[in-house]
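A.B. asks: One structure is given below, represented as structure tokens, and several questions about it will come after.
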Amino acid sequence: MTPRRLFVFSTLASAALLAGCASGLRYTPPSMPVTPEGGSGWTEKPGWATEKFAVASANPLSTDAGYQVLKAGGSAMDAAIAVQLVLGLVEPQSSGIGGGAFLLHAAGRDVTAWDGRETAPAAADEKLFLGADGKPMAFYDGVVGGRSVGVPGTVRMLEQAHKAHGRLPWAELFKPAILLAEQGFQVSPRLNTLLKNEHHLKKDPVAAAFFYDAAGNPWPVGHVLKNPEFAAVLKGIAARGSSALLEGPVAQAIVDKVTKHPTNPGKMTLADLAGYQPKRRAPLCVDYAVAQAGKTYEICGFPPPSSGAIAVGQILGILARTPAAQMKPGADGLPTADWLHYYTDASRLAFADRAQYVADPDFVQPPAGSWLSLLAPAYLQSRAALIGAQSMKLAQPGNPGAVKTSHAPMPEQPEYGTSHISIVDAYGNALAMTTTIEDQFGARQMVKGFLLNNELTDFSFAPADAQGQPIANRVQPGKRPRSSMAPTLVFEKAADGTRGPLVMSAGSPGGALIIHYTAKTLYGVLNWGLTPQQAISLPNFGSTNGPSVLEEKIFPAATIEALRTRGAEVREMNMTSGLQALTRTQVHGKPLWLGGADPRREGVVMGD
């Protein structure tokens, strides 16, 4: 246990709050999960409390932009747009206008899932990431260059969502980012650290000239970095909408960057960009009963092509059907070895199903005709029954329906990036948005002051297994790659079974580990009565259906040994989450929003 983190928490709100059966399908063991971005230290966060509205994002400058919009009478949607545009400038390694996003929006109790996920170009096919020998290429051979770039969807998605939920004029929301781009912003410690450790960005002359000095060193912390090209692009989008990005000179620059890469060109066309359309989907919502608290919640998340809501829902639902449901943290405030045993086996079961079933729903049918089949109480009970006294080490996919799938499980491969935004406004609206360019600095291709995504590497590099059985998440033209992003909104469940008021907005970056970071925070708040800051600050842990992974240098040796005694392979590793969360509570009869931001990154919460 390091001195910086003594996890001793009360589970009661007080004034201190303010200070199934396995199928016959065989599943191959995955490698260790990969942390999406390097660590950049730990900064204690105090937690925040506000009355009217709140915004939580990954950088103080982006949070301030959202705060100013809310202060000016804007909606949660208005604030999210301002936040995203500033994030693309000051946290370019994680998200931006060259990427995609999933946005979950609540207008009162009406929830909408806005899908701005990137798509594969029309000319892409399932052989996109196969080398000349017909075998899947090495991961970064696919990432760096134009091959991995998907058609960006964030801006057009936000444009359509703003028409439905915005209050302030579209152009007004661009002013904070334009001002910062023109006048400059100070390079943050995290951006500087990641640039020091980055191996591929300098391969792009444009990016190298922007992020590094003449000697090839990253700009130091505090250096004022200006981005007039980005400001010019934002001015165009502010005046003419998403067509200023997806059509015309900027679109041509994107296509040229992708298709004319000297060693790794891609297949994007002007028609791909102009034709991009976001999708308005129904959220994936499930009931979650916390027996010890005598409460039932409704947890709403993002449906496929994201696997986040299904996997988080499965983990929580399986845990609720095991002895873990009665367990509290230990005297040190940390999860106990017994609880972690149940959690990691529940995770293995969820990740086995994720690999087997989840892909773009426009290309792949859900098992038993509904994605909710994977979250059905009887199915979760059957999966929970598979957890015994010893670690299962490797779970097999379940079969929630009568018809067996014709797809092969997707082999494990790296999955990266992202940033998360949670906002509540003064009008009863709330949102959770997870936004990404995938890997750290995306495809390492800079155009007009912004970076392009490498989202196509979220597809399976291998289109089929050794027997020729196709993988659901293989590359196909126009398809959206599977994601782990898990923006989440939680509601109280009324006595009559209807949806009650919102109680929580949460989410995180972190590649496949997003699922664990989000599940941990939900569990800490809903089951253990923690504030969002306390839950976020808990150590990270999980399994992607391989080893049990624990955030390094935190858990006692006795906990690690106890897990190994149960047969688990335990690895300690850096697990740099970037959680943001807001929860509604009452203190002395006064309604308040409590906010938390991840101490592993630079985020803060602001509000009135």
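A.B. asks: Which of the helices (runs of 4 or more DSSP H) contained wholly in the stretch 187-260 include at least 3 residues that are within 25 Å of the chain's Cα centre (by Cα)? Lay out the reasoning, then the answer.
C.D. replies: On the way: elements: 189-196, 205-211, 228-240, 243-246, 248-259.
Those helices (runs of 4 or more DSSP H) span 189-196.
A.B. asks: Taking helices (runs of 4 or more DSSP H) that fall entirely within the stretch 297-400, which contain at least 3 residues that are of a type in the set (Val, Ile, Thr) and at pLDDT 95 or above? Explain how you work it out, then say what you get.
C.D. replies: Numbers: elements: 308-319, 337-357, 377-384.
In the stretch 297-400, the matching helices (runs of 4 or more DSSP H) lie at 308-319.
A.B. asks: How do the pairs read when you match residues in the stretch 57-80 that are under 20 Å from Ala106 (Cβ atoms) with residues anywhere that are of a type in the set (Lys, Arg), using Cβ under 9 Å and keeping only pairs 6 or more apart or on different chains?
C.D. replies: Listed pairs, sorted by first residue: Leu70/Lys52; Gly73/Arg167; Gly74/Arg167; Ser75/Arg167; Met77/Arg167; Asp78/Arg167.
A.B. asks: Output the number of the condition that Arg482 fails; it satisfies all remaining conditions of (1) over 13 Å from the mean Cα position of the chain (by Cα); (2) of a type in the set (Lys, Arg); (3) farther than 20 Å from Ala325 by Cβ.
C.D. replies: Status for Arg482: all satisfied but (1).
A.B. asks: Still on this model: Just give me the residues in the stretch 73-93 being farther than 16 Å from Phe230 by Cα, outside any helix (DSSP H, G or I) and in contact with a strand residue (DSSP E or B) (Cβ under 9 Å, 6 or more places away or on another chain), in sequence order. Spell out how you get there, then give the answer.
C.D. replies: Of the stretch 73-93, the ones farther than 16 Å from Phe230 by Cα are 73-80.
In the following step, the residues that additionally are outside any helix (DSSP H, G or I) were identified as 73-75.
Scanning the stretch 73-93 gives a single hit, Ser75.
A.B. asks: Here's something else I'd like to know. State the number of residues belonging to the stretch 462-474 that are closer than 13 Å to Asp125 by Cβ and assigned to a loop (DSSP other than H, G, I, E, B).
C.D. replies: Looking only at that region, the number is 1.
A.B. asks: Quick test of your reading of the structure: Glu492 fulfils all but one of (1) in a helix (DSSP H, G or I); (2) surrounded by fewer than 24 Cβ atoms within 10 Å (Cβ to Cβ); (3) touching a Gly at 6+ places or on another chain (Cβ under 6 Å). Name the failing condition by number.
C.D. replies: Answer for Glu492: the failing condition is (1).
A.B. asks: OK, next. So which pairs qualify, if the first residue must be in the stretch 195-215 and among the small types (Gly, Ala, Ser), the second must be in a loop (DSSP other than H, G, I, E, B) and surrounded by 16 or more Cβ atoms within 10 Å (Cβ to Cβ), the Cβ gap must be under 9 Å, and the two must be at least 6 apart or on different chains?
C.D. replies: Listed by first residue and then by second, the contacts come to Ala207/Phe441; Ala207/Arg444; Ala207/Gln445.
A.B. asks: Moving to a separate point now. For the stretch 269-296, what are the residues that are surrounded by fewer than 16 Cβ atoms within 10 Å (Cβ to Cβ) and not in a strand (DSSP E or B)?
C.D. replies: Residues satisfying the conditions are Leu270, Ala271, Ala274, Gly275, Gln277, Ala282, Ala291, Gln292, Ala293, Gly294.
A.B. asks: Separate question: Please tell me if Met575 is at pLDDT below 95 and closer than 30 Å to Asn59 by Cα. Give the derivation first.
C.D. replies: Values: at pLDDT below 95: yes; closer than 30 Å to Asn59 by Cα: yes.
So Met575 fits the description; yes.
A.B. asks: Something else now. Cβ-Cβ below 7 Å, separation at least six or inter-chain, first residue in the stretch 108-131 and under 26 Å from Phe53 (Cβ atoms), second among the aliphatic types (A, V, I, L, M) and surrounded by fewer than 17 Cβ atoms within 10 Å (Cβ to Cβ): which pairs?
C.D. replies: Short answer, once both residue conditions are applied: Ala113/Ala282.
A.B. asks: Which residue, of Ala466, Ala506, Ala462, Ala486, is under 25 Å from Lys135 (Cβ atoms), buried (at least 16 other Cβ atoms within 10 Å of the Cβ) and either at pLDDT below 95 or not basic (Lys, Arg) (or both)?
C.D. replies: Values: Ala466 fails: buried (at least 16 other Cβ atoms within 10 Å of the Cβ); Ala506 fails: under 25 Å from Lys135 (Cβ atoms); Ala486 fails: under 25 Å from Lys135 (Cβ atoms).
Step by step, each of Ala466, Ala506, Ala462, Ala486 is checked, and only Ala462 is under 25 Å from Lys135 (Cβ atoms), buried (at least 16 other Cβ atoms within 10 Å of the Cβ) and either at pLDDT below 95 or not basic (Lys, Arg) (or both).
A.B. asks: Out of Leu349, Leu372, Leu394, which single residue is more than 30 Å from Val69 (Cα to Cα), buried (at least 24 other Cβ atoms within 10 Å of the Cβ) and not β-branched (Val, Ile, Thr)? Steps first, answer last, please.
C.D. replies: Values: Leu372 fails: buried (at least 24 other Cβ atoms within 10 Å of the Cβ); Leu394 fails: buried (at least 24 other Cβ atoms within 10 Å of the Cβ).
Only one candidate qualifies: Leu349.
A.B. asks: Let me ask something else. Out of everything in the stretch 519-557 that is touching a strand residue (DSSP E or B) at 6+ places or on another chain (Cβ under 6 Å) and farther than 17 Å from Trp339 by Cβ, what residue ends up being surrounded by the most Cβ atoms within 10 Å (Cβ to Cβ)?
C.D. replies: Across the stretch 519-557, the extreme among qualifying residues is Ile536.
The values are calculated or read from the model by the stated rules, or taken from the named source; none is laboratory data. These figures come from a predicted structure and were not determined experimentally. Ideal geometry is used to build each Cβ from the backbone, glycine not excepted, and the neighbour counts take in all protein chains shown.
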